[in-house]
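Student: I'd like to ask you about the structure that follows.
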Amino acid sequence: MKMTRIRRALLFVVCMVLIAATALFATGCGNNASETAQPTTVTMENGAVLGEGAKQFTFTVVDGEGNETTATINSDADTVGEALQALKLIDGEPGDYGLYVKEVTGIRAVYEESSTYWAFYINGEYGMSGVDATDIEPGASYAFKVEK
């Protein structure tokens, strides 16, 4: 009878240790929402001059509420996409038509998540090429606007 009582106590302790270990393991493996919500790009101040290089262009960002921010970009990159990615102003992933831009200056617009997307404009006209396939034209203006 004494042996049965010791076995039960030992079994109880082992079960409690396993439950505690499982709980610690489960909480340690979960995604932290604040980590996934962090922007991967940097913000841009209106009127800022960013980068260094021989080619200069104007870059405008229009968010989903119509707020507009414009900066002058200097770069030696060949394409607008290269220049903006080097300055961490845009982020995305490769898509069927080039870089699928999901974030601009810390603002996310992903069609699958919010039915909005980043539209690329060249000199005020809707871009007929992707940002990563558009050669920098010195003095030109490029923009990203959130659209539905």
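What follows draws every value from the coordinates through simple rules; no lab data is involved. These numbers come from a predicted model, not from an experiment. Cβ coordinates were reconstructed from backbone atoms using ideal geometry, including for glycine residues, and neighbour counts include every protein chain displayed.
Student: Report the full-extension gain for the segment T40 to Y126: residue separation times 0.36 nm, less the Cα-Cα distance, to one decimal in nm.
Tutor: 28.4 nm
Student: For a label point 7 angstrom out from the Cα of K148 toward its Cβ, which stretches of region 67-103 have the backbone nitrogen within less than 19 Å?
Tutor: Inside the label zone: 67-68.
Student: Under a crude label model (7 Å from the Cα following the beta-carbon direction), how far is R8 from A48 in nanometres?
Tutor: 6.8
Student: May I ask you to list the chymotrypsin sites (Phe, Trp or Tyr not before Pro) in region 56-137 that are in a DSSP loop and have at most 13 other Cβ atoms within 10 Å of their Cβ?
Tutor: Taking region 56-137 and a limit of 13 other Cβ atoms within 10 Å, the loop chymotrypsin sites (Phe, Trp or Tyr not before Pro) found are Y97.
Student: Could I ask something else about it? Evaluate region 45-108: find the radius of gyration of its Cα atoms, find its Kirkwood radius, and give the ratio Rg to Rh. All intermediate terms of the calculation are to be shown ahead of the outcome.
Tutor: Working: Rg = 12.0 Å, Rh = 12.4 Å.
With Rh from the inverse mean 1/r over Cα pairs, Rg/Rh is 0.97.
Student: Tell me, what ³J(HN,Hα) does each residue in region 120-128 have, in order and in whole Hz, if you take phi through Karplus 6.51 cos²θ - 1.76 cosθ + 1.60 with θ = phi - 60° and put x for Gly and Pro?
Tutor: My calculation for region 120-128 gives 9, 10, 10, 6, x, 9, 4, x, 8 Hz in order.
Student: Between S115 and S141, 0.36 nm times their residue separation minus their Cα-Cα distance comes to what? It would help to have the intermediate numbers written out before the result.
Tutor: Working: separation 26, 0.36 × 26 = 9.36 nm, distance 2.61 nm.
That pair, S115 and S141, stretches by 6.7 nm at full extension.
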